[in-house]
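Q: Okay, here's the structure, questions in a sec.
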Amino acid sequence: MIDCHVHLWDPAHGFGWIRPDSPHHRPFTASDLEQSGRDSGELAGRAVLVEASRGDDGETAALRALRLRRPDLVAGYVANLHVHGEQGPDRFRTLLDAWGDSRPNGMRLGGATWARTPGPARTLVPVLAETGLALELNLYRGAFTAAAEAAERHPGLTVVVDHLGNAPHLDADATDDATDWRRDLERAAACPNVLVKISGLLTQQHGVAPHRVAGLVRDVVDTLGADRCLVGSDWPICLPRGSRADSLNLSLAGLDRLTADERARALHTNAVRAYGLNR
């Protein structure tokens, strides 16, 4: 399979969101990622690296360099759109052209809501549509609606929604949030160029019985279809709650009703198509 959501970082080079007392406050390197793959047995194959808010465009350069150096480990990478916003669309397009085949496979935009993402970064979205790069969204609220709106504005744009659109915790007393999330999911279902990552569940649904998490995943898969689903571990974010294999297994539990062909697409083929990977 292709693990569509892993991170690497070194707090010595930025990543100010990582608190000094956090178990994440240490370097996570390509060697660590490789070891986590060995520990996962046959479950984890190559990975898509996803930016981790280092805070500058040096992170893009570092991800690109690793992709070139370790194609056996890294299938592709998703860079941070925020840090390129001030360049403007023309300079950003020129940069992508200069990178050629080593350009990012997607660019991520994050924030509390779409409206609270940086305006300059949003001006680059049309360039992603023109150049065939995926737009990846990690929004606390309204991710599926924002994805649908972007997909409708740019029919040629692939939009990937992280972490099941940050679904509300299943044990939380948040009926309104769950209703809004379900409405947004159904809105996104009408847009064939919106995909979702089944990822982050070990952290976001911590404490929820695995069979209930699997039910949540089945609901999303049934609504969007197997051809619009990707799977990711969210390693090493997941580590305080479990291993990379634990995280992947929790995501995979909700795919139990898929046919062998549908499962193969969710675990590999969809990623190749969404990110323009070579295999």
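Q: For labels at ARG116 and GLN35 in the simple 7 Å Cα→Cβ model, what's the distance in nm?
A: Label-label distance for ARG116 and GLN35, simple model: 3.7 nm.
Q: In addition: Per 0.36 nm of contour for each residue apart, how much would the distance between ARG153 and HIS211 grow if the chain were fully extended, relative to their Cα-Cα spacing?
A: Working: separation 58, 0.36 × 58 = 20.88 nm, distance 3.72 nm.
Once the chain is fully extended between ARG153 and HIS211, it gains 17.2 nm.
Q: Here's another thing I want to ask about it. Dimensions of the chain along principal axes (Cα, Å, largest first)?
A: Largest to smallest, the principal-axis extents are 47, 41, 39 Å.
Q: For the chain, what are the DSSP H helices with axial Cα length of 18 Å or more and mean Kyte-Doolittle hydropathy of at least -1.0? Before the final figure, lay out each step's value.
A: Values: long enough: 175-189 (21 Å, -1.61); 210-224 (21 Å, 0.29).
Length and hydropathy pass: 210-224.
Q: Accessible area of the chain with a 1.4 Å probe: how many percent of it is carbon plus sulfur? Can you show the working numbers first?
A: Numbers: 5860 of 11780 Å².
Accessible surface attributable to carbon and sulfur in the chain totals 50 percent.
Q: Give me the accessible area per residue for the chain, probe 1.4 Å, as a whole number in Å². Don't skip to the answer; put the middle values down first.
A: On the way: 11780 Å² over 279 residues.
Per-residue accessible area for the chain comes out at 42 Å².
Q: Based on C-alpha coordinates, I'd like the Rg and Dmax of region 1-148, in Å.
A: That works out to 15.5, 44 Å for Rg and Dmax.
Q: Tell me the mean residue ellipticity at 222 nm calculated for the chain from its helices only (DSSP H runs of n ≥ 4, each -39500 (n - 2.57), averaged over every residue, nearest 500).
A: Numbers: 13 runs with 114 residues, N = 279.
Counting only the DSSP helices, I get -11500 deg cm²/dmol.
Q: Using 1/(1 + (r/R0)^6) with R0 = 41 angstrom and r between the beta carbons of LEU43 and ASP90, what's the FRET efficiency to the nearest 0.05?
A: Numbers: r = 43 Å, r/R0 = 1.05.
My answer for the efficiency is 0.40.
Q: Shape call for region 175-279 from the C-alpha gyration tensor, a ≥ b ≥ c root eigenvalues: rounded (a/c under 1.5), prolate (a/b greater than b/c) or oblate?
A: Working: a/c = 1.60, a/b = 1.08, b/c = 1.48.
Oblate is the answer for region 175-279, as a/c is 1.5 or above yet b/c matches or exceeds a/b.
Q: Would you work out if region 97-191 is rounded, prolate or oblate? Take a ≥ b ≥ c from the square roots of the eigenvalues of the alpha-carbon gyration tensor; rounded if a/c is under 1.5, else prolate when a/b is larger than b/c, oblate otherwise. Numbers along the way, then the final one.
A: Details: a/c = 2.36, a/b = 2.05, b/c = 1.15.
Verdict is prolate for region 97-191.
Q: If you don't mind, another one. Subtracting the Cα-Cα distance from 0.36 nm times the residue separation, let me have the gained length for ASP256 to ASP227 in nm, one decimal.
A: Values: separation 29, 0.36 × 29 = 10.44 nm, distance 1.50 nm.
Gain on stretching ASP256 to ASP227: 8.9 nm.
Q: Follow-up. Given a Förster distance of 30 Å, report the FRET efficiency between ARG273 and ASP10 from their Cβ-Cβ distance, rounded to the nearest 0.05. Numbers along the way, then the final one.
A: Numbers: r = 32 Å, r/R0 = 1.06.
The formula returns an efficiency of 0.40 here.
The values are calculated or read from the model by the stated rules, or taken from the named source; none is laboratory data. Not measured: the values here are computed from a predicted model. Virtual Cβ from ideal backbone geometry, glycine too; neighbours counted across all protein chains shown. We work out accessible area using only protein heavy atoms, side chains counted, and drop any ligands, DNA or RNA first. Shrake-Rupley method; radii C 1.70, N 1.55, O 1.52, S 1.80 Å.
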